[in-house]
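S.K.: One structure coming up, written as structure tokens, with questions to follow.
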Amino acid sequence: MKKLVILTGAGMSAESGFSTFRDSGGLWEKYNVEDVASPDGWERNPEMVLDFYNGLRKQLMQAKPNAGHQGLYELEQDYDVKIITQNVDDLHERAGNHNVLHLHGELMKVRPVNRENEIYTLTPENCEIHLGDKDKNGIQLRPHIVWFGEPVPMIEKAIEWTEEADIFVIIGTSLNVYPAAGLIHYVRKGIPIYLIDPQEVHIPSGLPVHIIHKGAGEGVKELVQILKSHL
Ligand code: APR
């Protein structure tokens with residue numbers, strides 16, 4: 001089976017009712033990123049940070065995988081599908097995809113502030129954390145999210161997957177945030193690259209990219225047709 005590697009961003013989940021970050025009406029218009037997604041913001045006002053992520057989890061509980069997520073799951077019949085997502089939601093997993101790597105962490109997971117690898121999973125019934133919620137050693141819990149300025153431990157694995165891709169697809173990301181945006185440079189020469197996004201996205205020059213100017217649902221449908229015709 002050919003290896004199909006897919007990089008997704010917030011636009012992948014937009015049709016599921018989950019906000020993007022940089023579109024008008026996106027999350028970073030409503031919140032100051034420094035306040036809710038940085039180690040400094042956490043130092044200044046941890047309660048505000050916890051509230052922000054508690055709100056996002058509530059939004060996620062209402063969201064369902066959309067036609068785009070479902071289409072990517074169906075591609076597993078014909079391809080070895082690997083998804084590298086910048087999204088912290090679990091909609092790819094809920095659609096059924098088996099190989100999902102979360103570059104920026106996972107909304108439904110939390111960890112003590114002093115440990116990277118002691119990770120707890122929240123449940124839909126109990127999906128809030130507050131100041132005073134601690135691990136078994138009495139250490140405050142924080143969201144298992146990669147904040148701005150923090151290392152991105154999963155990038156090494158993402159690079160490995162990208163280097164092995166036979167087909168590379170980018171869906172719903174403005175390619176503004178590194179190191180995720182730099183993954184495209186690890187795609188081997190001659191490998192087809194597809195990009196699905198209703199807006200213009202800046203792509204490093206010289207890279208031949210087949211652009212599908214559609215939202216995730218319709219765009220993935222078109223991608224599936226193209227890939228099927230090449231099987
Ligand atoms: N289908 C596909 N793409 C869409 C749709 C849709 N229905 N609606 C919007 N988009 C596109 C936008 O045109 C834009 O190019 O999704 C992209 C979203 O870009 P951003 O909001 O910048 O999100 P993303 O690229 O995922 O951000 C990267 O930055 O804020 C941090 O950590 C956060 O993971 C996030 C990272």
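S.K.: Can you tell me the dipole magnitude for region 1-153 around its Cα centre, using point charges on the Cβ only (Lys, Arg +1; Asp, Glu -1), in Debye to the nearest 20?
M.R.: The calculation lands at about 180 debye.
S.K.: Defining a contact as two alpha carbons under 8 Å apart and six or more residues distant in sequence, what relative contact order in percent does region 39-123 show?
M.R.: Relative contact order here is 22 percent.
S.K.: Still on this structure, I have one more. For the charge dipole of the chain, defined by +1 on Lys and Arg C-beta atoms and -1 on Asp and Glu C-beta atoms about the Cα centroid, which residue among M108, T121, L72 has the Cα displaced farthest towards the positive pole?
M.R.: Ranked along the dipole, the leading option is L72.
S.K.: A further question on this structure: Taking the Cα centre as origin and putting +1 on Lys and Arg beta-carbons and -1 on Asp and Glu beta-carbons, what dipole magnitude results for region 126-213, to the nearest 20 debye?
M.R.: My answer is approximately 100 debye.
S.K.: Need the C-alpha centroid separation for region 5-60 versus region 198-226, integer Å.
M.R.: With region 5-60 and region 198-226 each reduced to a Cα centre, they are spaced 24 Å.
S.K.: Which residues make up the longest stretch of the chain that has no GluC sites (Glu not before Pro) in a DSSP loop with at most 12 other Cβ atoms within 10 Å?
M.R.: Maximal segment without exposed cleavage sites: 1-115.
S.K.: A follow-up question, please. Based on DSSP H runs of at least 4 residues, each adding -39500 (n - 2.57), what is the mean residue ellipticity at 222 nm of the chain after dividing by all its residues, to the nearest 500 deg cm²/dmol?
M.R.: Taken over the chain, the calculation gives -8500 deg cm²/dmol.
S.K.: Can you tell me the accessible area per residue over region 81-218, all protein chains present, probe 1.4 angstrom, in square angstrom?
M.R.: I get 49 Å² per residue for this part.
S.K.: List, in the order given, every pair from K64/K214; K64/K136; K2/K214; K64/K109; K30/K221; K82/K136 whose Cα-Cα distance in the structure shown is over 29 Å.
M.R.: Flagged as over cut-off: K64/K136; K30/K221; K82/K136.
S.K.: If you line up the long axis of helix 155-164 against the longest principal axis of the chain, both from Cα atoms, how many degrees apart are they, to the nearest 10?
M.R.: Approximately 10 degrees, to the nearest ten.
S.K.: On to the next question. Which of V49, V88, L227 sits farthest toward the positive end of the charge dipole of the chain, with +1 on the Cβ of Lys and Arg and -1 on the Cβ of Asp and Glu?
M.R.: Farthest along the dipole direction, towards plus: L227.
S.K.: Largest first, how would H92, H104, H230, H210 line up by accessible area (1.4 Å probe)?
M.R.: H230, H210, H104, H92
S.K.: In nm, to one decimal, how far is the H130 label point from the D51 one, both placed 7 Å along Cα→Cβ?
M.R.: Calculated label separation equals 1.3 nm.
S.K.: Determine the share of region 98-169's accessible area contributed by carbon and sulfur atoms, expressed in whole percent, with a 1.4 angstrom probe.
M.R.: 50 percent
S.K.: For the chain, modelled as a Gaussian network with Cα springs under 10 Å, which listed residue fluctuates most, M154, M108, M12?
M.R.: M154
The values are calculated or read from the model by the stated rules, or taken from the named source; none is laboratory data. From a predicted model like this one, the values you see are computed outputs, not experimental measurements. Cβ atoms come from the backbone with ideal geometry, glycine included; neighbour counts cover every protein chain shown. Areas reflect the complete protein model, heavy atoms only, side chains present, ligands, DNA and RNA absent. Shrake-Rupley method; radii C 1.70, N 1.55, O 1.52, S 1.80 Å.
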